[in-house]
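> Below is a structure I'd like to ask you about.
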Amino acid sequence: TGRAAFGAMPEWENARVPVPEGAYPLFLTNTTQANFKCREREDCTSAQPYVFVSKKVFLDDIQFRGVISDFHPTKKYIEKYPDGVDVQEDGTSGLLLVWDEDEDYGQNFYLVHSVELKEAVVAKWAAAGEGDAAGESGGAGAMEEEEEE
């Protein structure tokens, strides 16, 4: 699919549900998953499908690997992410990398590049963990609907 102008989100190929503004579906290779400590069913689970990754780590990967970096298409969004949010050990802001177990958004992961969506995703999974069964809310697509509890 062609890229839309920066600021407008493109239509996502293979997405089964609308991708919210502030999310960018990505296919992450096993090597990238290992390097970013977000391996499916190991680091990211149905109960907690996300990890925080430093803005600097993403940008270093893009600079080192160039266009072959799995995160290269998201460079502008990562750069735009505000500093001082979820500050990581290296002093830079942390972005959320979420395993999309059911590939609702068409890929195996999505990068959350807006503070508002990040807060909503973290709150959703925190609430799911406090509920009867963690992760039962149905994957990434559940973000589109208000939970009734």
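The values are calculated or read from the model by the stated rules, or taken from the named source; none is laboratory data. Since this is a predicted model, take the numbers as computed values, not measurements. So basically every Cβ, Gly included, is an ideal-geometry build from the backbone, and we count neighbours across all protein chains shown. Accessible surface areas use protein heavy atoms only, side chains included; no ligands, DNA or RNA. Shrake-Rupley method; radii C 1.70, N 1.55, O 1.52, S 1.80 Å.
> Output the residues belonging to the range 14-35 that are open to solvent by 20 Å² or more (accessible area, probe 1.4 Å), more than 12 Å from the chain's Cα centre (by Cα) and either β-branched (Val, Ile, Thr) or closer than 12 Å to Trp99 by Cβ (or both).
Val17, Thr29, Thr31
> When you go through (1) of a type outside the set (A, V, I, L, M, F, W, C); (2) open to solvent by 20 Å² or more (accessible area, probe 1.4 Å); (3) touching a residue at least 60 places away in the same chain (Cβ under 8 Å) one by one for Arg41, which number turns out not to apply?
(3)
> Quickly run through the range 49-98 and pick out the residues that are in a loop (DSSP other than H, G, I, E, B) and either under 12 Å from the mean Cα position of the chain (by Cα) or of a type in the set (D, E, K, R) (or both).
Once the filter is applied, which keeps residues that are in a loop (DSSP other than H, G, I, E, B) and either under 12 Å from the mean Cα position of the chain (by Cα) or of a type in the set (D, E, K, R) (or both), the range 49-98 yields Pro49, Asp70, Phe71, Asp83, Asp86, Glu89, Asp90.
> Let me ask another. Here are the criteria: (1) closer than 23 Å to Val19 by Cβ; (2) surrounded by fewer than 17 Cβ atoms within 10 Å (Cβ to Cβ). Tell me which single one Val87 does not satisfy.
(1)
> Can you pull out the residues in the range 71-112 that are over 17 Å from Val57 (Cβ atoms) and either at pLDDT below 95 or of a type in the set (Asp, Glu) (or both)?
Listed by number, the residues that qualify are Asp100, Glu101, Asp102, Glu103, Asp104.
> Another question about this same structure. How about the range 48-107: which of its residues are aromatic (Phe, Trp, Tyr) and without any contact (Cβ under 8 Å) to a residue 24 or more places away in the chain? Reasoning before the result, please.
Taking the range 48-107 first, the residues aromatic (Phe, Trp, Tyr) are 50, 52, 58, 64, 71, 77, 81, 99, 105.
Hit for the range 48-107 is Phe64, nothing else.
> Here is a further query. Residues to consider are Val112, Val122, Val98; find the one that is open to solvent by 20 Å² or more (accessible area, probe 1.4 Å) and of a type in the set (Val, Ile, Thr). Reasoning before the result, please.
Values: Val112 fails: open to solvent by 20 Å² or more (accessible area, probe 1.4 Å); Val98 fails: open to solvent by 20 Å² or more (accessible area, probe 1.4 Å).
That would be Val122, the only listed residue that is open to solvent by 20 Å² or more (accessible area, probe 1.4 Å) and of a type in the set (Val, Ile, Thr).
> Can you spot a residue in the range 30-48 that is part of a loop (DSSP other than H, G, I, E, B) and in contact with a Gly (Cβ under 7 Å, 6 or more places away or on another chain)? Lay out the reasoning, then the answer.
So the first thing to find is which residues in the range 30-48 are part of a loop (DSSP other than H, G, I, E, B), and the list is 36-39, 41-43, 45-48.
Among the residues that remain, those that are also in contact with a Gly (Cβ under 7 Å, 6 or more places away or on another chain) are: 46-47.
Checked against the condition, which is being part of a loop (DSSP other than H, G, I, E, B) and in contact with a Gly (Cβ under 7 Å, 6 or more places away or on another chain), the range 30-48 yields at least one hit.
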